[in-house]
Amino acid sequence: MELRPYQQAARNSIQNDWRSGVKKTLLVLPTGCGKTIVFSKVIEDRVRLGERVLVLAHRGELLDQAADKLAKSTGLGCATEKAEQTSIGSWFRVVVGSVQTMMRDKRLQQFKKDFFDTIIVDEAHHCISDSYQRVLQYFDNANVLGVTATPTAETCATLDHISKVWPTNTRCLKRSKRAI
């Protein structure tokens, strides 16, 4: 699948951030502009580098959507870390994980702290919650990409809250005729 120019620019920018040592970056794209496709291509890049990637979300539908888009756009399969489902022992380099499951100490302790090289946080405006913070702090050496269409949603209150998690480098692409 070929990305649109603005999607490719976002992908390149994210990779450049990580190459330059920025560990956390935020991608803001309006609804319908392909956040999941962009992060799927970023995942593909990371897997080609031999990395393990965790896609973290708070709803099962988001995990299913991420797994589906990843498979369709890159051919990559993934394991699931949710409720009774576990990725432990899987050969997949990508795991889609429920934050409600991953945040539990018993589940986190099953992974080495450096198990995931990259974490993608879908609907990153929820990232300030304790559950997300517990997971992100556990895997504190991982590169992190947050994606959202609503960086100022009620659950986050202001961009200032998000900037505490992503203190640098926010990629914000506004809907325009050029972007669509």
Say the dipole of region 10-77 comes from +1 at the beta carbon of Lys and Arg and -1 at that of Asp and Glu; which of S40, N12, A66 then lies farthest toward its positive end?
N12
Taking the dipole of region 44-100 about the Cα centre (Lys, Arg +1; Asp, Glu -1; charges at Cβ), the one of L49, Q100, T80 that reaches farthest to the positive side is L49
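What does the charge count around E2 come to, taking other residues whose C-beta lies under 14 Å from its C-beta (Lys +1, Arg +1, Asp -1, Glu -1)?
Working: positive: R4, R11, K41, K72; negative: E44.
It works out to a net charge of +3.
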Take the Cα coordinates of region 1-101, assign each an equal point scatterer, and use the Debye formula without solvent to give log10 I(q)/I(0) at q = 0.17, 0.19 Å⁻¹.
-0.80, -0.99
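Cβ under 15 Å from A79's Cβ, A79 left aside: what net charge do those residues give with Lys, Arg +1 and Asp, Glu -1?
Details: positive: R52, K82, R93, R107; negative: E51, D64, D68, E81, E84.
Result for the local shell: -1.
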In whole Å, what are the Cα extents of region 84-131 along the three principal axes, biggest one first?
31, 21, 21
Relative to the compact-globule estimate 2.2 N^0.38 Å (N residues), the Cα gyration radius of region 61-111 stands at a ratio of 1.14
Determine the dipole magnitude for region 28-131: charges of +1 sit on the beta-carbon of Lys and Arg, -1 on that of Asp and Glu, nothing else is charged, the reference point is the Cα centre, and the result goes in debye to the nearest 20.
180 debye
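Bear in mind that the values in this text are calculations on the coordinates, not laboratory data. Since the model is a prediction, treat every value here as computed from it, not as a measurement. So basically every Cβ, Gly included, is an ideal-geometry build from the backbone, and we count neighbours across all protein chains shown.
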